[in-house]
Every structure is written in structure tokens, then in C-alpha cells.
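What follows draws every value from the coordinates through simple rules; no lab data is involved. It should be emphasised that the depicted structure is a prediction, and the values quoted were computed from it without experimental measurement. Note that we place each Cβ from the backbone using ideal geometry, even for glycine, and neighbour counts take in every protein chain shown.
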Amino acid sequence: MSLDTLLKPLQWADEQILRYYTKRTEAWEEKGRSKYSLAQICNLSGAAANMAFMLQGDLYFGLGAGLLALQSLDFARNTVKERYESEMTDGALTKTPMGYETTKKISALARLPMLITGAALMVKGVVHFVEYLQTKNPESVTNAMYMCSFGYALIGTASSMYIKDSDPKLLEKKPLEEMMFPREFVPVPVRIKRPGRTTRRGR
């Protein structure tokens, strides 16, 4: 089994999520707002949740610091890309910002794992909170805070990446699942004309 075959399900999932964020971003832009402002809201809310996570213990500070570095790159990309695209729209010859393509590739690779991990942590956090309501164990509510704060930080950062990379042209493209799993050929009945019968006349 080739590597491309193994990666196709992940590519399909990433495309479906990007399609979803593209639809939400278009609805935001229809109100006269920039998609980068929406991306910054997601990124900053994720950074705030990450800082809350980092303050909960020394063990989590290193993990949160790594995510904070990625959030800082994403923040810079939100700012630089908006200015870069506006200059291109005005017709000015602008060089691609330094590190722009690198951060774009990092974003494309990191967004799906971050979103999935964040969602899983949020679910686990809710489970711990329900457990606290049942047992009144303070450790459960502490674990819920850890899970939910870091989970939301991952979701917010991944959402910022998806919003930035949203592309209306993607909605016009053929969905990936149709290319992966083409519809079965449906035979069309063809009417064949049979030669007319010849009648014998009596002599």
C-alpha cells in the first residue's frame, strides 16, 4: 500500500473541514468583514486559553510555550497576509514576506491534528467535569480545567489556520470523495430495432 493511499483519508477529512470553514468565512465576509479579523479572534481566544493552561502548573508550561510559539507565528501570518494581499489587490509589486511559505506549510500540516486533538481533549474535559458533579472529587474538576483550556487553545489556533486558508474556489471543485470513490457505471438501456418480419403471400 503506497503512502498516497494511506494519506487520502486524511486529505479527505482536511478538505471537508476546510470546506466547512470556507462556508463560515464567506458568511462572515458577506457582512463586510475581513476573514483575517475572524482568524485573529480565534487565534487570540486560543492564546488566552493557552496562557490559562500554562499557569496551572510547571509541568504544562513547556507544552503551552510550544503552542504559544506557534500561535505567535499564526498571529504574524494573519497580520502580514492581510497587508500583503491588499497590496497585491492595489497592483503594487510586493515580494512574498520572509518565511511566509514556510509558515503556510506548517499550518497545512498542523491544523488537522490540532483540531482533532483539541476536540478530543474538550470531550475528555467534559467527562471529567461530569465526574466531578457526581463524585465531588476536586481532582476531577482540575483535570477538566486542564483538558478544556488546552483543548480550546488547540481548536482556536487550528480554526485560525483554516479560516486563513479558506478558498471559495474550493467549493466549486469536485469533492475529493467523488475522485476517490467514483460512482458505479449505470448501464443505459439501448433500444435495438429488429428487422421487420416478412409475410409470405400465397400464390
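Tabulated results
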quantity: Meets criteria (within 20 Å of Ala65 (Cα to Cα) and without any contact (Cβ under 8 Å) to a residue 60 or more places away in the chain) for Thr117; calculated: yes
quantity: Residue match in the range 117-135 (condition: acidic (Asp, Glu) and surrounded by fewer than 16 Cβ atoms within 10 Å (Cβ to Cβ)); calculated: no
quantity: Selection within the range 29-54 - in contact with a Lys or Arg (Cβ under 8 Å, 6 or more places away or on another chain) and either loosely packed, with under 15 Cβ neighbours inside 10 Å or free of Cβ contacts under 8 Å to residues at least 60 places away in the same chain (or both); calculated: Glu29
